[in-house]
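Have a look at the structure below, then the notes.
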Amino acid sequence: MAQGKFKVKSKLPAGAKTKKKQQKNKGKAVAKRPNAPVKSKTAAERNKMKMNVTKMVNAAAEQQIRALASNTPQLSAAQQRVAAAPTAPAPAK
């Protein structure tokens, strides 16, 4: 069992000044990391639409470029002379 007397809290007289407690402006020792905000579904849908439009534009541009490249092969003057020149027979060893 506990021994000794109970501590009695004494009250200060009415005219006495009391000390003010200093407030700590420090914060918590370990800062809690907030969770990332949840993205709205409209943002995800907008990104999907952008990707689809980009893919369609790229596919159309690629198709046009391939058509131009395959239909009209434009050779420089030097390339035309090499293509028109007769090929020499390979030397026999």
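R46 to L68: FRET efficiency via 1/(1 + (r/R0)^6), r the Cβ-Cβ distance, R0 30 Å, to the nearest 0.05?
E(calc), rounded to 0.05, equals 0.35.
You can think of it this way: the chain between A60 and K28 has 5.7 nm of extra reach, that is 0.36 nm per residue less the Cα-Cα gap. Working from the Cα coordinates of segment 37-88, the gyration tensor eigenvalues give, after taking √(5λ), semi-axes of 49, 10, 7 Å in decreasing order. Extension gain, K19-V53: 0.36 nm per intervening residue step, less the Cα-Cα distance, totals 5.2 nm.
Since every read-out is calculated from the coordinates, none of them should be taken as a lab result. Everything quoted here is computed from the prediction, not taken from an experiment. Note that each Cβ is placed from the backbone with ideal geometry, even for glycine, and that neighbours are counted across all protein chains shown.
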